[in-house]
1. Considering region 199-232 alone, what residues qualify as being touching a residue at least 40 places away in the same chain (Cβ under 8 Å), of a type outside the set (A, V, I, L, M) and open to solvent by less than 30 Å² (accessible area, probe 1.4 Å)?
2. Just to verify a result, which residue in region 125-145, among those that are closer than 22 Å to G171 by Cβ and assigned to a loop (DSSP other than H, G, I, E, B), is least open to solvent (accessible area, probe 1.4 Å)?
3. If I255 passes every condition in (1) part of a helix (DSSP H, G or I); (2) surrounded by fewer than 24 Cβ atoms within 10 Å (Cβ to Cβ) but one, which one does it miss?
4. Condition first: part of a helix (DSSP H, G or I) and either open to solvent by 50 Å² or more (accessible area, probe 1.4 Å) or touching a strand residue (DSSP E or B) at 6+ places or on another chain (Cβ under 8 Å) (or both). Now tell me which residues in region 67-80 satisfy that.
5. Here is a list of conditions, (1) open to solvent by less than 60 Å² (accessible area, probe 1.4 Å); (2) not in a loop (DSSP other than H, G, I, E, B), and T29 meets all of them except one; can you say which number that is?
6. Looking at region 250-275, I want the residues that are in contact (Cβ under 8 Å) with a residue 24 or more places away in the chain and have a partner that is basic (K, R) and open to solvent by 40 Å² or more (accessible area, probe 1.4 Å) with Cβ atoms under 7 Å, at least 6 apart or on another chain. Which pairs are those?
7. Sort out which residues of region 262-319 are surrounded by fewer than 22 Cβ atoms within 10 Å (Cβ to Cβ) and not in a helix (DSSP H, G or I), and write them in order of number.
8. Is it the case, given these coordinates, that N64 is under 21 Å from the mean Cα position of the chain (by Cα) and surrounded by 14 or more Cβ atoms within 10 Å (Cβ to Cβ)?
Amino acid sequence: MAFDFLDMFKTFAPTAKEIFKSFATKGDTDNVTWLSKVLAENEHTANEADSLTEEIFSTVNRFNANLRSIEQAAAAHQSKEQWLKNFIENSDLTEQQKNEYLAQANMALGRGNQVMLNALQNPTTVDITETVNQLTEQNLPEVNGGAMNRYDRVYLDQQLALQADLIGSQGMMIPDEVSEMPSEEIFQQDLSEESAGSSLDEGLKLAATAALKISHAAGKIPFLPKNMPVSAITNIACVGVESFKNIGRVVTGKISPLQAIENVGRASVAAIADFCTTGLPAKLLAPIPVVGPALSVAVGAVLTQCSPQAIQEKIYAGINTVKKVVNTVTDTVKNGLANVVEKATSFASKAVNFLVNLF
């Protein structure tokens, strides 16, 4: 994303490091009690510490459960796209709600992804706050959910998963300049080894969310809409943690860059699934492809700076290899999105009116 990431990161990083240090030194205190204390002691979140703690904790649990479910499906040779389709079909939404929300969600994400891709191709720096404001000010057209059925939704489900792929992959693009900024070895172990749902993994995601939420409440992330619910911020933080872990696994030789991108795509799908089934207004999805990767990169960059020196050096040495593969995959996903729209058109699906032809 062509914007002044480092300026934002310099503001966010000290808060995040302080919170990660608090987590690393909490001793035997359980994760939830620790999170509640951190939020209660901060002037910007003290008044709603209890409700924030409950929402953040439950969202992290939902994210990890979704991610485990996707990984189990992958082990059974089912794609994350098929998992997302099944997840949404099995949700408590009515048929009409599924039709209307999926159509509007795709339109909103499509607008955001188009902005993000345009910015990547534009060498000039963009004002990300102004860009996000423009996205959130645009109303989504009304959708007649009664004009579709579950078979028409197949293209919407496919497009939604592909758009999640785009969002996830861009969250792995840690800038080279981060290596020149001050670091601190807060964690002594290789955090990339932690599986989703472990106590340490859960704590990292809670801490990352607390850092984002406190910074957001303090006005330090001006491009993040004020009305963005904490559940959405939590999912973004979780994707950021998973992005960092997978980058770490690549540079330590445990997985390939392509597998890392697939894994982060699964994390992004897990987040999108939560957005679609927990009531996040479709309009608020529009800025997600812009702010989501930026904040995921920020979380991953801070975790890199808090890692053992040997891990930091490997990440900085290997991140460009990851970026090259991400760029190749981005082109592949763009082509996949175009094919989904083309198929919808060729089959004269009712859903074609609701698909956003981005490319």
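The values are calculated or read from the model by the stated rules, or taken from the named source; none is laboratory data. No experiment lies behind these values; they were computed from the predicted model shown. A quick note on method: Cβ atoms are made from the backbone with ideal geometry, for glycine too, and the neighbour counts reach across all protein chains shown. Heavy atoms of the whole protein, side chains included, go into the accessibility calculation; ligands, DNA and RNA do not. Shrake-Rupley method; radii C 1.70, N 1.55, O 1.52, S 1.80 Å.
1. Filtering region 199-232 down to residues touching a residue at least 40 places away in the same chain (Cβ under 8 Å) leaves 199, 201-215, 217-218, 220-225, 227-232.
Checking the rest, the ones that are also of a type outside the set (A, V, I, L, M) come to 199, 201-203, 205, 209, 213, 215, 220, 222-223, 225, 227, 229, 231.
Hits for region 199-232 are D201, G203, K205, T209, K213, S215, F223, P225, S231.
2. Among them, the one singled out is V126.
3. Going through (1) part of a helix (DSSP H, G or I); (2) surrounded by fewer than 24 Cβ atoms within 10 Å (Cβ to Cβ) one by one, I255 breaks only (1).
4. Passing the criteria: R68, E71, Q72, A75.
5. Among (1) open to solvent by less than 60 Å² (accessible area, probe 1.4 Å); (2) not in a loop (DSSP other than H, G, I, E, B), the lone unmet condition for T29 is (2).
6. The qualifying pairs are V251/K314; T252/K314; A260/R249; D274/R62.
7. T278, G279, L280, P281, P308
8. Numbers: under 21 Å from the mean Cα position of the chain (by Cα): yes; surrounded by 14 or more Cβ atoms within 10 Å (Cβ to Cβ): yes.
It is true that N64 is under 21 Å from the mean Cα position of the chain (by Cα) and surrounded by 14 or more Cβ atoms within 10 Å (Cβ to Cβ).
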